[in-house]
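One structure is given here, and the rest of the page talks about it.
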Amino acid sequence: LQGLQQSGNLLSTIEQINQQRPVIAQQLINQASALPGLQQTYGQSQLQNALNDSKVQLQKIKAKALADMGAEKAAVFEAHITLLDDPEFTGAMFAEIESNNTNAMAAVQGVTDSFVMIFESMENAYMKERAADIKDVSKRIISNLAGKGGDDFAVTEKDTVVVAHDLT
């Protein structure tokens, strides 16, 4: 924000949006857990659909990144696609739904929290950074489960300033 006139209202709005994202996601998860029969609605088939949708979206993003920015930048999205194909990651989500009769959103969030904790506790800096990839992929899956199409926080306007902790 250096060089911009730092309006108190602008900074306040940015901070509110930043703080609301995890709260909104948690509210969706809590609501999904509280509604009877929702486990069937957001069960294993809905999780599979969300995984498939996420993969298609990431393949499109990867192709655009490859064309616009080159192979090195597009590799991030290949890593995200690979994560969607990881049977330990996604398999744990399916197992959570089946064994604990939980809904898909809660299963995704629970597995994500476990994996993030494991990766963030690793000594290797590269592996610690992979926790951000896990969070990004999980946000996309949850967005697809919520019917938002995976582009919950997409920037679609030109001449837009993006304020974020991580822009991967």
Quick check, is Glu98 assigned to a helix (DSSP H, G or I), touching a residue at least 40 places away in the same chain (Cβ under 8 Å) and surrounded by fewer than 16 Cβ atoms within 10 Å (Cβ to Cβ)?
yes
Given the conditions (1) modelled with pLDDT under 90; (2) among the aliphatic types (A, V, I, L, M); (3) open to solvent by 70 Å² or more (accessible area, probe 1.4 Å), which single one is not true for Val56?
(1)
Could you tell me whether Ile118 is β-branched (Val, Ile, Thr) and open to solvent by less than 30 Å² (accessible area, probe 1.4 Å)?
no
Filter result (outside any loop (DSSP other than H, G, I, E, B) and either aliphatic (A, V, I, L, M) or out of contact with any Asp or Glu (no Cβ under 9 Å at 6 or more places or on another chain) (or both)) within segment 101-117:
Ala104, Met105, Ala106, Ala107, Val108, Gln109, Val111, Thr112, Asp113, Ser114, Val116, Met117
In segment 73-132, anything at pLDDT below 90 and among the β-branched types (Val, Ile, Thr) is listed as Val76, Ile97, Thr102
Would you confirm whether or not segment 59-68 contains a residue that is in contact (Cβ under 8 Å) with a residue 24 or more places away in the chain, open to solvent by less than 80 Å² (accessible area, probe 1.4 Å) and closer than 24 Å to Gly147 by Cβ?
no
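The values are calculated or read from the model by the stated rules, or taken from the named source; none is laboratory data. What you are looking at is a predicted structure, and each value in this text was computed from that prediction instead of being measured. Positions of Cβ are generated from backbone atoms using ideal geometry, with glycine treated the same way; all protein chains shown enter the neighbour counts. When the accessible area is computed, the model is the full protein with side chains, heavy atoms only, and any ligands, DNA or RNA have been set aside. Shrake-Rupley method; radii C 1.70, N 1.55, O 1.52, S 1.80 Å.
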